[in-house]
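J.: Shown below is the structure under consideration.
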Amino acid sequence: MIAKNQAHNLPRSLGSVARWVSEIVVVINDCTDETEAVAKSFGARVEKRPWSCRRDQKNIALELASYNWVLGLDADEVVSENLRRDIFNFFLKDHLHYVGATFPRKTWLMDRWITHGDFYPDYNLRLFRKDRGRWGGSREHDRVVVEGKVKKLKGELLHYSFPTIDYTITKLPEYATSFAQEALTRGKRWSWVDILFRPPWRFFRSYILKGGFLDGFPGFYVASMAAFSNFFRYSKLFELTQKGKEIKNIHNNLEKTR
C-alpha cells in the first residue's frame, strides 16, 4: 500500500487484512497526520519515500515486499469477507496454475453501493506473483500487468473513495493533465470528433448500456461525471496543444531572427 495522510482510512483498510496476511508494507510520503503511527499499530512495515507518481510509488512498495504473492490495496479499499474467503480458496486449490487473480470492485457513493454503470463491476487485478507482475499503465492511472494466466474471483473489493460528491471532482484536473500529456507524447492531437462524440457516448454507455439507471440518481450522476470527465480531458488536450503551438511559434520566430 502507498499512503499520504490516510490515518482516517487505514483502520478500515488494514483492519480487513491484518489478521491473515504474512506482512503489511506501507510506503508513505509527506504525511502531516498520524498515518505512520496508525499503520504501525497494525504491524505494518512503514517506509518513507519521496513522491514520484502512483505507479512508481507502488512499484517501490512491491520491491519492499518479502513474499512472492502480493495483494495490492489502496488506503480507501477494504477486502470483504467474501473476497477473503475466495482468496483463501484460491491458495488452497488454484494458485499454482495462475500468476494472479482479479476481482470486482464495488464503490460507495451517496450513501449506497453502486452496482451498475461505469463503476461496477470494475474488475481489478490486485493479487499477483511478484516475480511475474509489476504496476504499469500511466503515471496516475496505474494497473497491474502480469505475464501468465489470471483467475477471476467473485468476492468484492469495497471502495470508499468518495465521502462526498465534492470529492468526486477533486482529481479531475490532475487526471486530465496526465491524460493530455501522455496523449501528446503518443502523437495524439485534439479534434472536434473527440469533443463532440466521446462525452455523450460515455454517458449513454454508462447510463443505458451498463444499466446505470438502475442505481437511481447516483447512477445518473456517475454517468454524467463520466461524460464531463471525458469532455474535460479533451479540453485539456486542446489547451496543451495550443500551448505547444505557441512555444513552437516562438521558437521559429527566434530562429528567423538569428
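J.: When DSSP assigns beta bridges and you keep just the ones with both residues in the chain, what percent turn out antiparallel, to the nearest 5?
T.: Roughly 60 percent of the DSSP beta bridges within the chain come out antiparallel.
J.: For region 181-208 and region 1-42, what is the separation of their C-alpha centers, rounded to whole Å?
T.: First find each Cα centre; the distance between them is then 37 Å.
J.: Region 116-182: Rg/Rh from Cα coordinates, Kirkwood Rh?
T.: 1.01
J.: Continuing with this model, one more query. Short version: ³J(HN,Hα) in whole Hz for each residue of region 207-221, in order, from phi by Karplus 6.51 cos²θ - 1.76 cosθ + 1.60 (θ = phi - 60°), x for Gly and Pro, what are they?
T.: 7, 9, 5, 9, x, x, 4, 6, 9, x, 4, x, x, 5, 5
J.: Hey, what's the Kirkwood Rh for region 29-145 if you take every pair of different alpha carbons, in angstrom?
T.: Computed over region 29-145, the radius equals 16.1 Å.
J.: Net charge within 11 Å of residue 148 by Cβ-Cβ distance, Lys/Arg positive one each and Asp/Glu negative one each, not counting residue 148 itself?
T.: Here the charged neighbours net out to +2.
J.: Right, here's the next one. So how long is each side of the chain along the principal axes, counting just the alpha-carbon atoms, biggest first, in Å?
T.: Ordered largest first, the chain gives principal extents of 68, 49, 40 Å.
J.: OK, next. Kindly express, to the nearest 10 degrees and within the range 0 to 90, the angle between helix 81-93's C-alpha long axis and the longest C-alpha principal axis of the chain.
T.: Roughly 70 degrees between the two axes.
J.: So what is the 222 nm mean residue ellipticity for the chain from helices alone, if each DSSP H run of at least 4 adds -39500 (n - 2.57) and you divide by all residues, rounding to the nearest 500 deg cm²/dmol?
T.: The helix contribution divided over the chain gives -13500 deg cm²/dmol.
J.: How much net charge surrounds residue 30 when only the other residues with a Cβ under 11 Å from the Cβ of residue 30 are counted, with Lys and Arg +1 and Asp and Glu -1?
T.: Numbers: positive: 4, 48, 49; negative: 33.
Value of the local net charge: +2.
J.: In addition: Rounded to the nearest percent, how much of the accessible area of the chain (1.4 Å probe, protein heavy atoms only) is carbon and sulfur?
T.: 55
J.: Something else about it: Express the relative contact order of region 68-129 as a whole percentage, based on alpha carbon pairs under 8 Å and six or more residues apart in sequence. Each step should come with its number before you reach the end.
T.: On the way: 59 pairs, mean separation 27.4, N = 62.
In percent, rounded to a whole number, it is 44.
J.: Normalise the Cα radius of gyration of region 99-234 by 2.2 N^0.38 Å (N = residues in it) and let me know the number.
T.: Taking N as the residue count of region 99-234, the ratio is 1.15.
J.: How large is Rg/Rh for region 181-226, to two decimals, with Cα atoms and a Kirkwood Rh? All intermediate terms of the calculation are to be shown ahead of the outcome.
T.: Working: Rg = 13.6 Å, Rh = 11.8 Å.
Radius of gyration relative to Kirkwood radius: 1.16.
J.: Starting at the first residue of region 158-171, write each ³J(HN,Hα) from the Karplus equation 6.51 cos²θ - 1.76 cosθ + 1.60 with θ = phi - 60°, in whole Hz, x for Gly and Pro.
T.: Using θ = phi - 60°, the values come out as 8, 10, 9, 8, 10, x, 9, 6, 4, 5, 5, 9, 5, 8 Hz.
J.: Lys and Arg at +1, Asp and Glu at -1: add these up for the other residues within a Cβ distance under 10 Å of residue 119 and post the number.
T.: Around residue 119, the surrounding residues sum to 0.
J.: Exceeding 28 Å between C-alpha atoms, which entries from my cross-link table qualify? They are 40/130; 58/152; 210/243; 130/152; 48/93. Could you put the intermediate results ahead of the total?
T.: On the way: 40/130 23 Å; 58/152 22 Å; 210/243 37 Å; 130/152 18 Å; 48/93 37 Å.
Pairs exceeding the cut-off: 210/243; 48/93.
J.: In addition: Please report Rg over Rh for region 154-208, where both radii come from the alpha carbon positions and Rh follows the Kirkwood definition.
T.: In region 154-208, Rg relative to Rh is 1.07.
J.: Hey, can you find the accessible area per residue of the chain for me, probe 1.4 Å, expressed in square angstrom?
T.: Roughly 56 Å² per residue, with all protein chains present.
The values are calculated or read from the model by the stated rules, or taken from the named source; none is laboratory data. Keep in mind it's a predicted model, so treat the numbers as computed, not measured. All Cβ positions, even for glycine, are placed from backbone atoms using ideal geometry, and neighbour counts span all protein chains on display. Areas reflect the complete protein model, heavy atoms only, side chains present, ligands, DNA and RNA absent. Shrake-Rupley method; radii C 1.70, N 1.55, O 1.52, S 1.80 Å.
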